[in-house]
Structures are given as C-alpha cells and as structure tokens.
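> Following this message is one structure expressed as structure tokens.
Read-outs throughout are calculated quantities, based only on the coordinates presented, and are distinct from any laboratory measurement. Source: prediction; values computed, not measured. No Cβ is skipped: glycine too gets one built from the backbone with ideal geometry, and neighbour counts run over all protein chains shown.
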Protein chains: 2
Amino acid sequence: MPRIADGKITSPSFFIGLDGNGIISFGSGQPDLPPPKEIFKHLENQRLFKYGLIQGDEKLRQALANEYPNARIENFVITNGASEALDLVFRAIYQIHGRVKVLLCRPYYYSYPSIVRLAGLEPVYVNLVEGRIDPRDFEKKVHDVKAVLINSPSNPTGRVEILSTLRLIEKITEKLGIYVISDEVYKDLIYERENYLIKGKHVLTVNSFSKTYSMCGLRVGYLYARNPKIISAATDIKMDTSMNTNILGQEMALRAMQVPKSFTTRQTAIWKKRRDFIYNELKTMGFDLWKPEGAFYVLPKIKHSQRVVNELFFKHKVIAYDGAWFGAPGRIRLSYALELAQMKEGLARIRQYLQGKDSWL
Amino acid sequence: MPRIADGKITSPSFFIGLDGNGIISFGSGQPDLPPPKEIFKHLENQRLFKYGLIQGDEKLRQALANEYPNARIENFVITNGASEALDLVFRAIYQIHGRVKVLLCRPYYYSYPSIVRLAGLEPVYVNLVEGRIDPRDFEKKVHDVKAVLINSPSNPTGRVEILSTLRLIEKITEKLGIYVISDEVYKDLIYERENYLIKGKHVLTVNSFSKTYSMCGLRVGYLYARNPKIISAATDIKMDTSMNTNILGQEMALRAMQVPKSFTTRQTAIWKKRRDFIYNELKTMGFDLWKPEGAFYVLPKIKHSQRVVNELFFKHKVIAYDGAWFGAPGRIRLSYALELAQMKEGLARIRQYLQGKDSWL
C-alpha cells in the first residue's frame, strides 16, 4: 500500500516514527512514559546474545504462568510483540484448518484484516454498537466462522466489553468449537473495572509488554493457549520465520515483571487523568465521542476525516489517524499517550483548524 | 512437527537452546565467540524503547548503504534476523505473483522448504554436485520457476559457489525475469576467496548481523533490494505482522558495524583454524566429506544417520544434526562453532561411538 497517493496520506505507516520539528502527535499508540529503570542493568551477559528456545525463555514463561490460573510454561510462546503472536496464531489456524473465516469487530485495529488475509484466512465483520459488541448480532454472525478476534479494551474505540458479553462469547464459542483470539494488550490499562480473562481450551490469548511497561520498540509479546496443537504449530512456524524473540528484550521483559505492582498503578492513574482531560476538552469543543474505559484512544466523529487528517498534518503539524483506516470512516483516532502540555497545544491547533467548520462535527 | 516421535529426534528444534550438563554441541550454527564489547554501552536511552520506522532505523540503513555499491537507504528493510527477511521476501512474492515456484538447492538450510511453503509458494529442487551448484542442471530447472534461492557460503555444505556459476546465475535469471534471493549470512566467513556480490534489480539479498558479529540471539538482519515493489510489499507485511525490528538490537548492530574491520579478520582466522582441525580429524577418522570453504559446517557421510544422531545424543551427550533435515540423508551436519578443547572431547566421543562401525562411514 502506498503511504501517500495523490498528495493524500493513505496509511498510518506514513506517520510511524515521525516526530520532532514541532509536530504534535496524537497518532502512534505508544506510551510516552518511561519503562521501569530496573530493566537496564547488567545487559552485557553473553548468554543474552545467543540463540534461545524458539518458544521463549523458560524463566519468562514461568513468570507468565504464575500470572494465569493453572497455567504452565508449555502454554506460552514468546513473540515479537503482539503483532507476531497474532500472525502466528492465524498461520497456525490456516495450517490446521485451511482457508476458514475469522470474525472481526468493526471498528478494528488497522492491521487485523491484513493479518488475517496474509495468513490465508477470510475476514468477516460484525459492527460494534456504541463501540461495543452487540451480543445478538454477534450470536448471528458467529455460526459462520472458525475463529473470532476480540480486543478489549479496544484500539481504536477505547471501550471495554461488558462482562456478560465476554461470558457469552466464552460460552457460545466453546459450544460451537470456535477459537476466540483475545488480544489483551491493553488489559492493564482499564479505568472502570478489573479485566475479565476469558478462559477455555478454545481461547488463544495474545498480549505484550509494550503498553504495560512502555517497551513498544523492544517487541516482546506472547501467545497463551491451553491448546497444544496451536502452541506446537505456532512454535514450528516461528522456528522457520523468525527464530527466538530477541533474548535481550525477553530478559528486560522478565525484569519488568519483577517490579512492584505500584509501577502499573501509578501509570494507570496518569492515563486516567489524561483520559478525563481529553474527553472533557473534546466534549467542550463539540465533538461526538465515546468515553474511553481503557487503552488510550478516543475516536470522535468528524466529517471529511481523510481531508481533516491531511490538513491537520500539513497545515498544523498535528498527527491524527483517519478512522477509515480502522473501518470507521467519518471519525478520527486520537491517542492520548502524550503529556498534558503537548495535548493542550495539539487541541488548541485542532480548535483553530475547526474554526468555521462547526457543521463537520 | 513433533520434536521427538517414537523416541526418535525428528527436528533440529529439539536441540535448540539445549546446553550444559556435559553436552557437547556440534548442533546449532551460532558463534561461541563474543560480540564486540563496544555494543553494550549506554543502552538506557529512552528512544531505544519506542516504536521505530517499520523499514528500520535510518542510521543503520545508511551504514548498510555505504557497504553496497550505489545503494540508498530506501533499498533496505531491517528484519528479525535473516529468517524474517526470507519470510517477508517470499510473502511479498506471493502478494505480487501468486502461487509460483521457487528453486532450492539440495542439500538446503532446513527452514527453506517450509518458509517457501508457508508463504504459499511451491519449492522445487536442484541437487548440488559435490556441495555446489551444477551450472548445466541449474540452467535446465530454472526455466520453470519465478524465483531462485541461493546460499553461498552454504549451510549445511560449507561450500562457496564458483565465481563463474554465480555470474551465470546473475545473467540467466536477469534474462528470464526471475528473482534471485541470495542468502549471504556467511559472506564474512569465507576462507578461500572474497565474496562475490551478485547484482541487479532482480536480486534480493538477505543478510544478518548474527554470524559476523556473534549476535544470533538479538535477531537483527536485513533485506537489500533495488526492486521498490518488493521493498514496499515487504515493509507493508512487516507493519502488520511484526512492526519494527527491536530498536535496541538495531542500535547494537549499528555499533557493531562501526568496530574496526580487524574484529572480523581476527574471528575469521579462528574459524579457519577450527575448520582445518575438524576437517583433518574427520578425514583421519575415515569420514568422507567436503572441505568447507566458508561458514562453519561439515556434512560428512554416515549410514543410518537418524540412528547415529539419536545415539550420539542419548548415549554420548553429543549433539549432531541429521543430514535428512537438510535434504541430505546418509550424512550428519556438524557445526564447528565451538572451542578446540570442546571439539576434541566431542570428536573423541564420536570416535568411541563408531568403534566397530567402520562400514557405516
């Protein structure tokens, strides 16, 4: 996909890695907060430069197993971020079941449809209602597919699924013999209630250290599954296509897991404050949007979203993502993973841009 | 693939990451020599923990561009080792051309057939003669395929292709409009002559920092291509399936590139000494094998290679790989990436095991 065509930005990859030069970015979904300082010490150990187990370091997998009820180290594969975990899961499903259908919730994280298609599978969609799954619609669509991908808290909606919906999904998919791929990368960033971990042999949980510990660039994530066939297929594919996840990153992930829980609690408090700020500001500006319950995104409505994203960037040096990239045209996604002062300045520029455009909101 | 079935080891993944406990490993192809010490300093820079460009850090790509004639940073994609570079190349070819055939040389690196098949392509084979490509046989088979994968110096044969063969491949594939994927991860480990870089818009060069700088576990490699369509497709696939290669590893690769050339020269001298040692020892023991000209593998003939690999491991704690995993049954692959003292002990155990089995050689 070209990143820019006819002078129009057509893909979020246009923005990735862009910063400085007075740009204010509501774009990329990465924490600006620093990772725990404990992870930097004594990295010169030679063991950290050699091949490791394809499935992942045993100490790291043991630390993860301790966090999930009745889990064992063989239930995990450590991956190059959640992205590779998803890629491996879908390629594994293709190896086992051939070209089957996968149900995605729309709006979706922009890579979902491509990851599914690249693996040889076919995406089908259920539309979210007010940013959440509509249980009745879900029940109708789920009969036609072999796997379902859910993402709660959601990127880009910022919503957290209702408990009864998650229980329903857990139950109905188990009954039908359908996989649930649960992308939980924002599970430690919920403002409203605890995370509900959906369980079962049919559940394939995907997570990462990126958002919780501010380690996006290190690319360490994992797949957790009770289904040994999926774990084995994913590990075999990883052996051929990327080998072990970088050992240094795995070591740092292990250290991050050992820092006191207060690290995440403190971070979540900061995120919540920012959430309140941006939500209230956008409301005041007249935007129609959902209140985020987790993650760090808002997805306000705006007409001509492609034009808005282009003009905000080229005229005002503000990065926002076009909702169309997430299956939500007529909206823009703003990440609030940036400092309050930056947010204020960014919102001021957006306010200025929108002068005389009240009818677009 | 199960790693062990009916008590028989069936895949190299059984051995990966196994060490200690008195095991002598001629298995995994990773240098035991340390990486340059310069790469460890000041890693706590916060920038190193954030998402980077999907295509790879610009400084690292510039440093690479300086090493290839007339290359520019847009010709490179930094990847999770050479493995991901190959995976991306074949997936990109599938995106552009659909299900086409890829010519592999047999014996091959064990992941090649799977990487090709996982991408949706079909592997076909040309048999090596004395561990090298037979130009006439190659000319016959090449008409039927869309891409050719070559690997010189070769894992597992240790051979370096003859210059005239490489020039022929360069020319004939260009004429036929066929891609040449040139896996050159061992190009800095040639004992007999300089590397010949095959060139052209149809050449897709794959390389890594793993072998040259002893950084296998960090997983940093790259794709170098003058074909912008391939680069763009590979970058798009990487965006969806793994994002940027881990930033810390990229920074360390950049520093490794800045160390004096004497680092590699010194290492190559050590490899050559080991090559001479193991080649002469195996010859003395009565093995029939090719003399390695690069990389760090020997592939001696031995009957009942599966049984040999199993018994060497379970009875003598010696890791050797079954030639069958590389498309070369009746041979075993021994890596000589280990210290002389270890090699001596390992070869003594093999000698002991082979007592009374002269007819197997």
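> Say R0 is 51 Å: what FRET efficiency, to the nearest 0.05, do B:ILE162 and A:ASP6 get from their beta-carbon distance?
0.55
> Evaluate the Kirkwood expression for the hydrodynamic radius of the protein assembly as shown, namely the inverse of the mean inverse distance over all pairs of different C-alpha atoms, and round to one decimal in Å. Numbers along the way, then the final one.
Numbers: mean 1/r = 0.0374 Å⁻¹.
After inverting the mean inverse Cα-Cα distance, the result is 26.8 Å.
> Roughly speaking, what is the stretch gain from A:LYS291 to A:PHE277, that is 0.36 nm per residue apart minus the C-alpha to C-alpha distance, in nm to one decimal?
Stretched fully, the A:LYS291-A:PHE277 segment lengthens by 3.9 nm.
> For region A:204-262, state what percent of all Cα-Cα pairs lands in each successive 10 Å bin, counting from 0 Å until the bin that includes the largest distance.
So the P(r) values, bin by bin, are 20, 46, 29, 4.
> Using a 7 Å offset from Cα along the direction of the beta-carbon, what are the separations from B:ARG72 to the same position in each other copy, nm, ascending?
5.6
> Determine which aspartates and glutamates satisfy two conditions relative to B:LYS41: a Cα distance under 13 Å, and not lying fewer than 8 residues away in the same chain.
Correct list for B:LYS41: A:GLU44, B:GLU251.
> Another question about this same structure. Please give the charge dipole size of region B:42-258, origin at the Cα centre, charges +1 on K and R Cβ atoms and -1 on D and E Cβ atoms. Round to the nearest 20 debye.
Charge dipole of region B:42-258: 380 debye, to the nearest 20.
> May I ask what percent, to the nearest 5, of DSSP beta bridges between residues of region B:42-258 are antiparallel?
Roughly 35 percent of the beta bridges in region B:42-258 run antiparallel, per DSSP.
> When chain B is treated as a GNM, springs tying every alpha-carbon pair under 10 Å, which of B:GLY17, B:GLY327, B:GLY286 comes out with the largest mean-square fluctuation?
B:GLY17
> Obtain the nm distance between the two label points defined at B:ALA348 and B:ASP134 by a simple spin-label model: each point lies 7 Å from its Cα along the Cα-to-C-beta direction.
Here the answer is 4.2 nm between the modelled labels.
> Is the C-alpha gyration tensor of region A:131-274 telling us rounded, prolate or oblate? Criteria: a/c under 1.5 is rounded; beyond that, a/b larger than b/c is prolate, otherwise oblate.
oblate
> To the nearest 20 Debye, how big is the dipole of the protein assembly as shown about its Cα centre, given +1 on the beta carbon of each Lys and Arg and -1 on that of each Asp and Glu?
Taking the Cα centre of the protein assembly as shown as origin, the dipole is about 220 debye.
> May I pose another question? How high is the relative contact order of chain A? Use alpha-carbon pairs under 8 Å, at least six apart in sequence, and give a whole percent.
24
> If you don't mind, another one. Once both labels are modelled 7 Å past Cα along the beta-carbon direction, what's the B:HIS304-B:GLN46 spacing in nm?
Inter-label distance under the simple model: 6.4 nm.
> Say a paramagnetic label sat at a point 7 Å from the Cα of B:ARG193, along Cα to Cβ; which residues of region B:144-160 have their backbone N under 15 Å from it?
In region B:144-160, the label zone of B:ARG193 (backbone N under 15 Å from the point 7 Å along Cα→Cβ) covers B:152-154, B:159-160.
> Need the C-alpha centroid separation for region B:338-355 versus region A:70-108, integer Å.
Each part reduced to its Cα centre gives a spacing of 43 Å.
> With loop defined by DSSP as not H, G, I, E or B, and exposure as at most 16 other Cβ atoms within 10 Å, which is the longest segment of chain A clear of exposed GluC sites (Glu not before Pro)?
Result, exposed sites excluded: A:195-338.
> Run through the DSSP bridge list for region A:71-188 and note the antiparallel percent, rounded to the nearest 5. Write out the running numbers ahead of the final one.
Values: 1 of 14 bridges.
Percent antiparallel among DSSP bridges in region A:71-188 is about 5.
> How many partner chain Cβ atoms sit within 10 Å of a residue's Cβ in peptide B:6-15, on average, as a whole number?
1
> Here's another thing I want to ask about it. For chain A, with the dipole built from +1 on Lys and Arg beta-carbon atoms and -1 on Asp and Glu ones, taken about the Cα centre, which of A:HIS202, A:GLY27, A:THR284 lies farthest toward the positive end?
A:THR284
> As a test, work out the antiparallel percent of DSSP beta bridges whose residues both lie in the protein assembly as shown, rounded to the nearest 5.
50
> Of the trypsin sites (Lys or Arg not before Pro) in region B:129-223, which ones lie in a loop per DSSP and count no more than 15 other C-beta atoms within 10 Å?
Those satisfying the criteria are B:ARG193, B:LYS201.
> What's the FRET efficiency of A:LYS141 with A:PHE314 using the Cβ-Cβ distance as r and R₀ = 60 Å, to the nearest 0.05?
So, using R0 = 60 Å, E works out to roughly 0.95.
> Under the rule of -39500 (n - 2.57) per DSSP H run of 4 or more residues, summed and divided by the residues of the protein assembly as shown, what mean residue ellipticity at 222 nm is obtained, to the nearest 500 deg cm²/dmol? Walk me through the numbers before you get to the answer.
Working: 20 runs with 258 residues, N = 722.
Value at 222 nm, helices only, nearest 500: -11500 deg cm²/dmol.
> Further question: Could you name the aspartates and glutamates in cross-link range of A:LYS273, using Cα to Cα under 15 Å and dropping any fewer than eight places away on the same chain?
Output for A:LYS273: A:ASP32, A:GLU192, A:GLU281, A:GLU293, A:GLU339.
> On alpha carbon coordinates alone, what is the Rg over Rh value for region A:242-361, Rh being the Kirkwood radius?
So for region A:242-361, dividing Rg by the Kirkwood Rh gives 1.09.
> Which of the listed residues, B:ILE115, B:GLN46, B:VAL180, is farthest toward the dipole's positive end in region B:42-258, when Lys, Arg count +1 and Asp, Glu count -1 at the beta-carbon?
Value computed over the given set: B:VAL180.
> Here's another thing I want to ask about it. Treat the count of other C-beta atoms within 10 Å as a stand-in for reagent exposure and order A:THR235, B:THR241 from fewest to most.
A:THR235, B:THR241
> Considering the alpha-carbon set of region B:114-175 alone, what are its Rg and its Dmax in angstrom?
Computed over the Cα atoms of region B:114-175, radius of gyration and Dmax are 12.0, 32 Å.
> What nm value, rounded to one decimal, do you get for the distance between A:LEU176 and B:ASN21 when each label is placed 7 Å out toward the C-beta?
Each label point lies 7 Å from its Cα, and together they span 4.5 nm.
> Could I ask something else about it? Using Cα springs under 10 Å in a Gaussian network model of chain A, which residue among A:TYR213, A:TYR196, A:TYR336 shows the largest mean-square fluctuation?
A:TYR196
> Report Rg(Cα)/(2.2 N^0.38 Å) for region A:10-150, keeping two decimals. Can you show the working numbers first?
Details: Rg = 19.3 Å, N = 141, 2.2 N^0.38 = 14.4 Å.
Its radius of gyration relative to the 2.2 N^0.38 Å reference: 1.34.
> For a test of the definition: using alpha carbon positions, the gyration tensor, and the 1.5 limit on a/c, classify region B:42-258 as rounded, prolate or oblate.
prolate
> Which of the trypsin sites (Lys or Arg not before Pro) found in region A:36-84 are in a DSSP loop and have at most 14 neighbouring Cβ atoms, other than their own, within 10 Å?
On the way: sites: A:LYS37, A:LYS41, A:ARG47, A:LYS50, A:LYS59, A:ARG61, A:ARG72; in loops: A:LYS41, A:LYS50, A:ARG72.
Passing both the DSSP loop test and the Cβ count: A:LYS41, A:ARG72.
> Full-extension gain between B:LEU340 and B:GLU67, please, as 0.36 nm times their residue separation minus the C-alpha to C-alpha distance.
So the chain would gain 95.0 nm between B:LEU340 and B:GLU67.
> For A:LYS199, give me every one of the lysines with a C-alpha distance below 27 angstrom, ignoring sequence neighbours fewer than eight places off in its own chain.
A:LYS59, A:LYS101, A:LYS140, A:LYS141, A:LYS146, A:LYS171, A:LYS175, A:LYS187, A:LYS211, A:LYS229, A:LYS238, A:LYS261
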